1. If T166 satisfies all but one of (1) closer than 23 Å to V113 by Cβ; (2) among the β-branched types (V, I, T); (3) modelled with pLDDT of 95 or more, what's the number of the condition it fails?
2. Of everything in region 47-71, what is in contact with a Gly (Cβ under 6 Å, 6 or more places away or on another chain) and among the polar types (S, T, N, Q)? Give them in sequence order.
3. For residues that are surrounded by fewer than 20 Cβ atoms within 10 Å (Cβ to Cβ) and within 12 Å of the chain's Cα centre (by Cα), tally how many sit in region 179-205.
4. Look at region 275-322 and say how many of its residues are at pLDDT 85 or above and among the polar types (S, T, N, Q).
5. Starting from residues that are in a loop (DSSP other than H, G, I, E, B) and at pLDDT 95 or above, keep the ones in region 236-274 and report whichever is surrounded by the fewest Cβ atoms within 10 Å (Cβ to Cβ).
6. Specify the residue that is nearest to the chain's Cα centre (by Cα); the eligible residues are those in region 17-47 that are under 13 Å from I104 (Cβ atoms) and surrounded by fewer than 21 Cβ atoms within 10 Å (Cβ to Cβ).
7. Of everything in region 207-220, what is part of a loop (DSSP other than H, G, I, E, B) and buried (at least 20 other Cβ atoms within 10 Å of the Cβ)? Give them in sequence order.
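The values are calculated or read from the model by the stated rules, or taken from the named source; none is laboratory data. In this text the structure is predicted, and so the values were computed from the model without any measurement. Cβ placement follows ideal geometry from the backbone for every residue including glycine, while neighbour counts extend to all protein chains displayed.
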Amino acid sequence: MNTRERLITVSVCCITYNHGDYLAQAIESVLAQKTDFAVEMIIGEDHSPDNTRAIAQQYEQRYPGQVRVLAHAQNLGIMRNLMATRAACQGEFIAFLEGDDYWIDPTKLQRQVEALRASPDCAMCFHDAELLHEASSNTSKTTDQKVTVSFSEKFSKILPESKKGTLPKRFTQVDLAQLGWFMPSASMLFRADSLPLPLPPWFAGIFSGDYTLQLLSTSHGAALYLPHQMAVYRIHAGGVMHTMNNTLIQNERFIWENEQYCRVFGLDVRPYFEIRLEHLYFERSVKFGEKGHRAQQLYYYGKAVTINSQRFWHHLKRLTKRII
């Protein structure tokens, strides 16, 4: 497929860092897609110290016009890399695939594009995926790899099974605010015009990039769910979910994220983010108390109580138990 001679229908937005053991599999899964439209893959390579960039550029040379590499001169960090890579996407639709995940169905993009075109009320589409847990960074089939559960099993109360004669389930922005994260990032396909271009500056400071994109997109329509396992979401020692420990830094980023949600999104979803903020402020208060920082402890305790003054004594009792 010569994408230069045709308008791009789907841009695959791929961010990657230290994915030398995985990136080729991700790229091959995109190249294997069978579509009647043009697809481009934009790879945001974030100045990896391993061979990730070399692998990406080899594919760019082999597939000019179909694979394009953004080779950053310095490390931008996950969210800034995502912002830059999304900005380079030219397609009518944008799919997301991180460099350590991959697709397992060659009809994935065709199915999703057809589903969105048949559903004008929907701004994005996602599908079921497998969770692959790895104890090492070896992509060969060894005993340290195990698909433990699919997303539909892990979130069985949210994601319905496919039943003949039933319409695909739709999720609104209110649903996402209430339920939190349950969509595999490797499954997401957005209408490009449902995502801001460029992404807002505050996006650089958030923790949950995929969840934030979902919230931004569903400001313009629902999220359509297809109950087909068409991707693999990999969890490994070098992945974001594995390396981000429950620290004050992580807590701070979650707070920033939810404060932005309260500021940006509508009154119908704000109460759900305020509930999260109340919990996050309290947990931050406890962590500062454990470190002996009483001023910061009281400051965040006060912020938690400000959100819901009726829980003053409840939080005070919990705080007392945690620091005694």
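1. Answer for T166: the failing condition is (3).
2. Passing the criteria: N51, T52.
3. Counting residues in region 179-205 that are surrounded by fewer than 20 Cβ atoms within 10 Å (Cβ to Cβ) and within 12 Å of the chain's Cα centre (by Cα) gives 3.
4. 4
5. Taking region 236-274 and keeping what is in a loop (DSSP other than H, G, I, E, B), we get 236-239, 244-247, 265-269.
Among the residues that remain, those that are also at pLDDT 95 or above are: 265-269.
Working: F265: 19, G266: 10, L267: 7, D268: 11, V269: 22.
Filtering first and then ranking leaves L267.
6. Let us first name the residues in region 17-47 that are under 13 Å from I104 (Cβ atoms), namely 25-26, 28-30, 32-33.
Now restrict to residues that are surrounded by fewer than 21 Cβ atoms within 10 Å (Cβ to Cβ): 25, 28, 32-33.
On the way: Q25: 19, E28: 21, A32: 23, Q33: 21 Å.
Only one residue fits best here, namely Q25.
7. Narrowing region 207-220 to residues part of a loop (DSSP other than H, G, I, E, B): 207-208, 218-220.
Of everything in region 207-220, those that are part of a loop (DSSP other than H, G, I, E, B) and buried (at least 20 other Cβ atoms within 10 Å of the Cβ) turn out to be F207, T218.
Quick grid of which residues meet (1) modelled with pLDDT of 95 or more; (2) assigned to a strand (DSSP E or B); (3) in contact with a strand residue (DSSP E or B) (Cβ under 6 Å, 6 or more places away or on another chain):
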position: D105; (1), (2), (3): yes, no, yes
position: M124; (1), (2), (3): yes, yes, yes
position: H127; (1), (2), (3): yes, yes, yes
position: H133; (1), (2), (3): no, yes, yes
position: N138; (1), (2), (3): no, no, no
position: T148; (1), (2), (3): no, yes, yes
